[in-house]
Amino acid sequence: MKTPQRLPVGPLLGLAGIVGFLLTWELIPRLGLVNPAFLPPASEVLGIFFSNLALGAFWAAVGHTMTGWALGLAISASAAVVLGLIIGSSTFLRRATNSTIEFLRPIPSVALIPLAVLLFGFNLESTLLLVVYASFWQVLIQMLYGVADVDPVASNTARSFRLSRFDRIRYVVWPTTLPYLMTGIRLAAAVALILAVTAGLIIGTPGLGNEIALAQSGGAVGQMYALVLTTGVLGILINLGMRFIERRTLSWHSSVRGEVVV
Amino acid sequence: MTLLKKFAYLIGLPALLIAIWWVSTLGTTNFFVPKPGVLADKLVTVWVGDRFVQDVVPSVTRLIIGVLLAILLGTVAGVLIGTTRWLRSLLEPMLEFFRAIPPPVLIPVLMLLIGINDQMKVAVIVSGCIWPVLLNTIEGVRAVDGTLSDSAKTFRIDGFNRLRYLVLPSASPQIMAGIRQCLSIGLILMVISEMFASSEGLGFTIVQFQRSFAIPEMWSGIVVLGLIGVTMSFLFQWTERRILGWYHGLREVEHAE
């Protein structure tokens, strides 16, 4: 008789955690532990958050941020897939490019902010430069791991059956690499959001980041917190969306099949 | 592979790229792209000396303090949350939400709450870096091998010894994966917090150069940031090999079959 009761305990506790957090947040400014001018109570911020949803300007800002995110992710992912397949399938290229990749990868993409401002000003291109640079490496590295993971027996079998280079990539390399690629894209999606928002925040390209900076400098503290919440919600939605796509594209793969059964 | 060949692979492509860059900027006077020689010269004249002490050292100090704090807090809280089932269920949705917030948006928030000072910048780094460490530690602690855990119980290994000899070693690959992510986030946040509100530091100085159109100087700053990133990445790889040597060895044996 205990099992049916135990099932919803986890989600219920999670809900209790959220409610507890909101209550704490509500009480801290109300009790005067922190000046309400710096941290408005949760109810006030949530009110602004929901009233934002009716505003066209709010959705325009979300649209700008998401355009930068989606375009940047698409550009970096396609470039990384092509380069990853080319570099990964040749030992010579892998060795020759290793030092350069390892050097360029840790360069923080925000270091490119001054360059982006000079080249593109406060436009979408500035956001794209940052997003593409940051998310490109995530995907490329995963592609290289994936291509290196191809089973040598399968690869040699394909070769002895005289599969063409294209067919070998299509039927042998691609299925092995796909799970790695999806992981890379999931990581890149999160990084791309960070940079898409940061570009707005620091450079001032249109979008949520810029709105946050404006709210902060204009003293609209409640609005600032509401926008910060919005970016968190976007992050959650992107995560969920990516996990969904991952499950759909990899439904044939054992890691996902196993997940469904358990 | 001979040492010479290894060296050729290491240096080949970078040398080629620099050569192309050198040749293609020979005749031009493109305002945005400095010549490699000028850049190398600026790198030395701008950054060696006073500016290194004034801008680079404080930035890097904040970065190190922030990252170390994040690692410490993240692992301690992670072990605690990971080993206590009800605490995990209680906090997990909240933690997932905080992780999903892009860390740079916390800069204006922390500026309000703490003010514009060194503590704010360290707090920004901690608040962004802690999530990958925390969540990876929770995952790692949860995934402790059941058989090992039962054996430990049979031998009555519990409390601190269980933590020291069972939980931490088996979670360490995951924890290190979290730390790797946290390093690059930390560097990003260090730069951004200085670009947003500061009067010194690397991020601030680079933006100053850009605003005054000192392009080669700006590029040299970007190179310095790159060098810091690369150094951190190498230091991490070295530490990881020391700490996880046994693990990688085990993996190699398992894969070789």
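What the table shows:
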quantity	calculated
With eigenvalues of the C-alpha gyration tensor scaled by 5 and rooted, the protein assembly as shown, Å	36, 34, 24
Sites A:VAL19 and B:LEU73 - FRET efficiency at Förster radius 30 Å, r taken between beta-carbons, to 0.05	0.80
Efficiency of FRET from Cβ geometry, A:TYR171 and A:PHE38, R₀ 56 Å, rounded to 0.05	0.40
Most mobile of A:ARG186, A:ARG162, A:ARG248 in a GNM of chain A (Cα contacts under 10 Å)	A:ARG162
Size of charge dipole - chain A - debye, nearest 20, with Cβ of Lys, Arg +1 and Asp, Glu -1, no other charges	980
At R0 = 35 Å, FRET efficiency that the Cβ-Cβ distance of B:VAL44 and B:ARG180 yields, to 0.05	0.65
Whether chain A is rounded, prolate or oblate, judged on the alpha carbon gyration tensor where a/c under 1.5 counts as rounded	oblate
Three-way shape label, segment B:37-138, alpha-carbon gyration tensor, a/c 1.5	prolate
Global geometry of segment B:126-202, whether rounded, prolate or oblate, following the gyration tensor of its Cα atoms and the 1.5 cut on a/c	prolate
Histogram of C-alpha separations across segment A:179-238, 10 Å bin width, %	23, 46, 22, 8, 1
Chain B: most fluctuating residue of B:THR231, B:THR75, B:THR154 per GNM, C-alpha cutoff 10 Å	B:THR154
Structure-based [θ]222 nm, the protein assembly as shown - -39500 (n - 2.57) summed over DSSP H runs of at least 4, per residue, nearest 500	-26000 deg cm²/dmol
Kirkwood Rh, angstrom, segment B:1-96 [1 / mean 1/r, Cα pairs]	19.0
Segment B:168-226 - percent relative contact order, Cα under 8 Å, separation 6 or more	19
Convex hull volume of segment B:106-257 per residue (C-alpha atoms, cubic angstrom)	140
Scattering profile of segment B:78-127 at q = 0.15, 0.18, 0.25, 0.26 Å⁻¹ [log10 I(q)/I(0), Debye over alpha-carbon scatterers]	-0.54, -0.68, -0.86, -0.88
DSSP-loop chymotrypsin sites (Phe, Trp or Tyr not before Pro) across segment B:1-72, with at most 15 other Cβ within 10 angstrom	B:PHE31, B:PHE32
Over segment A:104-260: Kirkwood hydrodynamic radius from C-alpha pairwise inverse distances, Å	18.1
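Any read-out appearing in this document is the output of simple, stated calculations on the displayed coordinates, not a laboratory observation. The structure displayed is predicted, hence computed values, not measured ones. Note that each Cβ is placed from the backbone with ideal geometry, even for glycine, and that neighbours are counted across all protein chains shown.
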